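Values in this text are rule-based calculations from the coordinates and carry no lab data. These numbers were taken from a predicted model, which means no experiment stands behind them. For neighbour counting, all protein chains shown are included, and Cβ atoms are generated from backbone atoms with ideal geometry for every residue, glycine included.
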Amino acid sequence: MDNIQTKEHVKNEFTKYLTAKNCRKTPERYAILDFIYSETGHFDIDSLCEAMNNRRPRISRATLYNTMQLLLECKLVLKHQFGSNISYYERSYNNDFHHHLICTNCDAVQEYKDLELKSQIQNKKIKQFTPALYSLYIFGICSKCAKELKKKKKIQPEETNSTKTTNKKSITINK
Ligand SMILES: [Zn+2]
Ligand SMILES: [Zn+2]
């Protein structure tokens, strides 16, 4: 299914939901859905607001919040809480399956595709429990931060060395 078909499909799903819920089918709501399904990856409300800012007529923040709520309810959007207080969202339909790698230093989120891990979790039988879906977040340090932390450490070992030398010296003196 290409993205035009995907957009058509989610639009129909949204219409069904809005009709069932007796909610107004405003062009703003459809514009938000269309925008979300034009992108991939994760976003927060602030970045969505900013990205949609150029659109005329402008969409209010209240409309954004309220539409996101509707999209969550009809499961066209997924919500994540990656450790911080900010909620992140992503399209749910026709989105490549992935886990999430979260850097605890810079908060960057990467998609992690591991089909073996996916099937292991999905085939897992749990006693007296029927799983429906799962979400996996792996916290750690991204390669960019690891490099920077390594650079910082390069200064520290010299300090440690000099301390060691001083200690050795003092030991010699003591002897
Ligand atoms: Zn990082
Ligand atoms: Zn994701």
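General observations
- Residues satisfying the stated conditions in the stretch 80-106, i.e. charged (D, E, K, R) and surrounded by 13 or more Cβ atoms within 10 Å (Cβ to Cβ): E90, R91
- Every residue from the stretch 85-107 that is assigned to a loop (DSSP other than H, G, I, E, B), under 22 Å from M68 (Cα atoms) and more than 10 Å from ligand 2 (Cβ to nearest atom): N85, I86, Y93, N94
- Of the residues in the stretch 125-137, not one is outside any loop (DSSP other than H, G, I, E, B) and either β-branched (V, I, T) or away from ligand 2 (no atom under 12 Å from the Cβ) (or both).
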